[in-house]
Amino acid sequence: MRTRTRPPLQPGRGARMARGAVALAAAGALSLTAGCGGGGDSGDKGKGGGKSSAPAPGTSDLIPHSVTLPKLDGQKLKVTAVWTGAEQKSFTKVLDEFSRRTGAEVSFVPSGDDMASFVGSKVAGGDPPDVAMLPQPGVLREFAQKGWLKPLGGDATAQLEKNFAKGWRDLGAHEGKQYGVYFKATNKSLVWYNTKIFTAAGAKEPRTWQEFLSTAQAIADFGVAPVSVGGADGWTLTDWFENVYLSQAGKDKYDQLAQHKIPWTDASVKDALTTLGQLFGKKELLAGGNDGALQTQFPASVTQTFTGGEKAKAAMVFEGDFAAANIAGTKAAIGTDAKVFPFPAVGGRSPVVTGGDVGVALKDSQASQALLTFLASPDAAAVWAHEGGFVSPNKNLALTAYPDDVLRSIAKALVAAGDDFRFDMSDQAPAVFGGKPGQGEWKQLQDFLRNPSDVEGTQQRLEADAAKAYKS
């Protein structure tokens, strides 16, 4: 979620840049003891499939009815997203509620990690989904440039203007046209830890990067791998880099690199990779070493940190608030067995990097516009909020919709930040650079995890990939 009020970016310059950083109150509020909801083995991105099932009786009684939707009996709607596991299950409940109110039949179609390729193949085949939940603003920009997206209708725009800060509206727009509704947001600057291992090792929550490395070494000396890294999923590595970079280089440099106004061979990138290499360069600090990290997918990186209590395979795992859903799939109780602290400060303050999923229409139908209208309302957000593992930038969603104090704290700070936040850098880039398995940032940072001493080579390869992507 990065915001900003800037003129439209030039073609090939990444998605609209966000300025600001989500209020640090969000991070501070996270060193808490309350639990997060969720369930299952879901990640930030993934695969899966399923059809929207019939809603449970009385579902609508649990959520507000602030928006009027048309009757759509007999109409069918296909919706695609990257969500799997617990996230897919919760989103399906949102679609169920929409079906309940409108009579439309909604099917969920899984996209897998590569949303751009999935939708591109469907468009080429003449059968795109009606609505897509895009995980990257860079993909929204590319789809808009290709003419694949349909602008929001009047009802959806009205809901958007009433319920979202301008920064969020800007992120869903391109060249003056409003295309998207940011439905789900996340704080991607958190480190979750196993309290039993911390207690046994005599470790405390670190506040700075140096304290983090010292804590990791102390836990390694205790006999447990300190950090679990889901390196098989390249997007987790971009999150590592972005947090280090934002804290160390600052907001202006972050914006410049995100727009490719400075090259990846810049000294600030060298500094960030060198800093990250202080962790990645010591295999005893990583669960399974570097090779093991490269074979570990995100869900497993979380569950192996909290399965087995004091005998778990790792003590800490870095990722966003959505990791709560994975923790809930273990026997660990969030708030007691599993706690969280802000990403340690590399520079003067801890970073806050955020992400989000934006709903867009690929078919200009009454049903697709109605769904986007619903997604822009507090009603749809309340459905998932009740399930846990979800934060909404919708400023009119009641905090009481969230199931616990941790999520209420995150949501309150996010909304209070208004337009002052920074969006995930890789998500702002062209998808071929920032959002595709085996390419661009994902591949180059996986190679860096494999050989953390190759800072200069990593920079050169990142710049070569970025130069091609931003010119296309």
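A few comments on the model shown:
- Given their separation in residues at 0.36 nm each and the Cα-Cα distance between them, residue 278 and residue 399 gain 39.6 nm when the chain is fully extended.
- Rounded tilt (10° steps) of 234-249 against the dominant C-alpha axis of the chain: 70 degrees
- In order through segment 349-360: 3J(HN,Hα) via Karplus (6.51 cos²θ - 1.76 cosθ + 1.60), integer Hz, x for Gly, Pro: 8, 5, x, 9, 9, 10, x, x, 10, 10, x, 9
- The separation of segment 449-463 from segment 195-254, counted between C-alpha centres, amounts to 20 Å.
- Candidate aspartates and glutamates - alpha carbon under 13 Å from residue 311, same-chain residues fewer than 8 apart omitted: 337
- Whole-percent carbon and sulfur share, accessible surface of the chain, 1.4 Å: 49 percent
- Average accessible surface for the chain: 35 Å² per residue, computed with a 1.4 Å probe over protein heavy atoms with every protein chain in place.
- Summarising the amide proton neighbourhood of residue 262: residues at separation of 5 or more, or on other chains, whose placed amide H is nearer than 5 Å comprise 257.
- What the phi angles of segment 284-300 give under the Karplus curve with 6.51, -1.76 and 1.60, with θ = phi - 60°, is a coupling list of 6, 8, 10, 4, x, x, 5, 5, x, 4, 5, 9, 9, 7, 3, x, 5 Hz, glycine and proline written as x.
- Proximity of backbone amide H atoms, modeled 1.01 Å from N, is registered between residue 80 and 109, 131, 132, 133 at under 5 Å, excluding neighbours fewer than 5 places apart on the same chain.
- Size descriptor for the chain, Kirkwood hydrodynamic radius: 22.0 Å (Cα pairs only, one decimal).
- Measuring between their Cα centroids, segment 57-135 and segment 267-315 lie 35 Å from each other.
- Karplus-derived 3J(HN,Hα), 6.51/-1.76/1.60, for each residue of segment 101-117, Hz, glycine and proline x: 7, 10, x, 6, 9, 10, 10, 8, 10, x, 9, x, 4, 8, 4, 4, 5
- The relative contact order of segment 198-316, computed from alpha carbon pairs under 8 Å that lie at least 6 residues apart in sequence, is 37 percent.
- Extension gain, residue 205 to residue 71: 0.36 nm times the residue separation minus the Cα-Cα distance gives 43.0 nm.
- Shape call, segment 318-472: gyration tensor on alpha carbons, a/c limit 1.5: oblate
- Dipole magnitude of segment 119-197, debye to nearest 20 (Cβ charges: Lys/Arg +1, Asp/Glu -1, about Cα centre): 320 debye
- The chain: angle of helix 440-450 to the longest principal axis, Cα-based, in degrees nearest 10: 30 degrees
- Close amide-amide hydrogen proximity is noted between residue 424 and 354, 355, each under 5 Å apart and 5 or more residues distant or on a separate chain (H modeled in the peptide plane; Pro and chain starts excluded).
- Packing rank of 432-445, 102-115, where each peptide gets the mean count of other beta carbons within 10 Å, highest leading: 432-445, 102-115
- Packing-based ranking of 327-338, 360-371, 296-307, 260-271 yields 296-307, 360-371, 327-338, 260-271, ordered from highest to lowest mean Cβ neighbour count within 10 Å.
- Pairs exceeding 18 Å between alpha-carbon atoms, taken from 204/270; 166/395; 162/395; 146/166; 162/188; 122/363: 204/270; 146/166; 162/188.
- Using a simple spin-label model with pseudo-atoms 7 Å out from Cα toward Cβ, residue 464 and residue 349 lie 3.9 nm apart.
- Across segment 86-158, the mean sequence separation of Cα contacts (distance under 8 Å, 6 or more residues apart), normalised by length, yields a relative contact order of 16 percent.
The values are calculated or read from the model by the stated rules, or taken from the named source; none is laboratory data. All values derive from a computational prediction rather than experimental measurement. We place every Cβ from the backbone using ideal geometry, glycine too, and count neighbours over all the protein chains shown. With ligands, DNA and RNA removed, areas are computed over all heavy atoms of the protein, side chains included. Shrake-Rupley method; radii C 1.70, N 1.55, O 1.52, S 1.80 Å.
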